[in-house]
1. Within 10 Å, Cβ to Cβ, of W135, how many net charges do the neighbouring residues add up to if Lys/Arg are +1 and Asp/Glu are -1?
2. Taking a threshold of 26 Å on the Cα-Cα distance, which of the pairs K58/K274; K233/K422; K413/K436; K47/K358 fall above it?
3. I want to check the label-to-label distance for L20 and T151. Put each point 7 Å from Cα in the C-beta direction and report it in nm to one decimal.
4. Using 0.36 nm per residue of separation minus the Cα-Cα distance, give me the extension gain between M409 and K358 in nm, one decimal.
5. Rounded to whole Å, give me the distance from the Cα center of the stretch 314-331 to that of the stretch 154-216.
6. What does the helix-only formula give at 222 nm for the chain: each DSSP H stretch with n ≥ 4 adding -39500 (n - 2.57), the total divided by the residues, and the result rounded to the nearest 500 deg cm²/dmol?
7. With a 1.4 Å probe and all protein chains left in place, how much accessible area per residue does the chain have, in Å²?
8. Just subtract the alpha-carbon distance of I389 and R323 from 0.36 nm times their residue separation and send over the number in nm, one decimal.
Amino acid sequence: MKIKVLQRSEADYSNGDGILKEFRNPDPRLHPLERSREYQRALVATKMEKMFSKPFVKALDGHTDSIKCLAVARRGGAPLLSGACDGEVRVWNLQQLTCGAVVPRAHEGFVRDITVNPQDTHVFTCGDDKTVKGWRLDPETWSMDQEAIFTYHTTSISNSVDHHWKKELFVTTGDTLDVWDYNRSAPLSSFEWGCDRVICSRFNPAEPALVASTGIDRSIGLYDLRGNTPIRKVILQNRSNAVAWNPMEPLCFTVANEDANLYTFDMRKLGVAKQKHWDHVMAVLDVCWSPTGQEFVSASYDMTVRLWNANDQRSKDVYHTKRMGRAFCCHFTPDSRYVLSGSEDTNIRVWKAKADQKMGTLNEREKKAEQYRETLKKKFSRLPEIRRIRSHHHTPKMIKSMAHRRRIMREAKQRKEENVRKHSKAGSKPHVPHKKRAIVKELE
């Protein structure tokens, strides 16, 4: 008699931890309710994201005056440098979230800006005493010399300083935009283009010879160091306080404007903004891109820090605390997992870039579950209930009331424009897109 025996190996059906593998037939005819089931999972995942949103990590205290500027080491990433309005500069260990070094009187008056060279060995600061100083930095011991090794005297108070991404050059802004070399006491070149004062300037990370700047005459200017000439200039309706380049899209940059909006431009077409980002209710003072190029963070005078996706008009999250003052500066950490903000209450705050992110190490099952939830939320993000939950943010009463008034004014202005266009001669009142209304004119 012949007997057939069914045999199977436990290793083919188990992962070794006693958890059985699941085999699933993807045929859609066998799963008629799959979409409704996934929608419910996406809805639950969206609600869980809001329930577990705890973005605040820690406040770094020690300064005795408002935090004016922040900078992170470009290569190592762990040292954080901060400058205060009383002339103090501090070095922070981001791994331990502790202070590593203090220079109490780096400048007389405000420390206007601070930057690090690409090798993380030197720090450059500018202040109200009309000097730019260079300091030796040790990123391994989180220490900085008490005495400056370089001192450069400028003809006016410098508002910002930024280092070249490859060469031993740095740029400062004051009455003019000046390019300096380490070994020279006078600037290599100075740029002046009909502006009384330049507010901020930044080197392009991909094309380091390209510099973007904002001026007090409401202008945004582009300069090429190779030809020692300005390239293009655009005039906006309001002044821009800061500028930041997208590290992954070298042709794009974002400016923080006094009209409570941010504008993303493509340098090839400055006549119209690539995107207008609006959610702040007061002037935006600083902006910084994530190293991934997918999102950026902004700090505003309305005491909030907001995170934005690169191509979205509205912010995806807003961070604030009861005791936080006006936010003067913000920065991403090099791993793009955390956001840093400095405010007038003398504290540097560390936030999660993703508010519901779990701290610590995740195992493989947790990583796969998180990826699955994110995929579902992205798949059903356009549905009204999920969109309503994700777009809802708790904000202070003052900000909520100001946003409500701004929305009423914006809608009233839009109705008026539509009525005027409706009762005017055809073509006499053309529609102007929102991305173009802030631009006054472009110069070359």
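The values are calculated or read from the model by the stated rules, or taken from the named source; none is laboratory data. From a predicted model like this one, the values you see are computed outputs, not experimental measurements. Here Cβ is always computed from backbone atoms with ideal geometry, including for glycine, and neighbour counts include all displayed protein chains. Note: areas computed on protein heavy atoms with side chains; ligands, DNA, RNA excluded. Shrake-Rupley method; radii C 1.70, N 1.55, O 1.52, S 1.80 Å.
1. Numbers: positive: K133, R136; negative: D145, E147.
With Lys, Arg at +1 and Asp, Glu at -1, the neighbours total 0.
2. Working: K58/K274 35 Å; K233/K422 35 Å; K413/K436 16 Å; K47/K358 16 Å.
Pairs exceeding the cut-off: K58/K274; K233/K422.
3. Each label point lies 7 Å from its Cα, and together they span 7.9 nm.
4. On the way: separation 51, 0.36 × 51 = 18.36 nm, distance 4.02 nm.
Extra length available between M409 and K358 comes to 14.3 nm.
5. 28 Å
6. Working: 5 runs with 72 residues, N = 444.
Taken over the chain, the calculation gives -5500 deg cm²/dmol.
7. Working: 23830 Å² over 444 residues.
For the chain, the per-residue accessible area is 54 Å².
8. Numbers: separation 66, 0.36 × 66 = 23.76 nm, distance 2.65 nm.
That works out to 21.1 nm of additional length.
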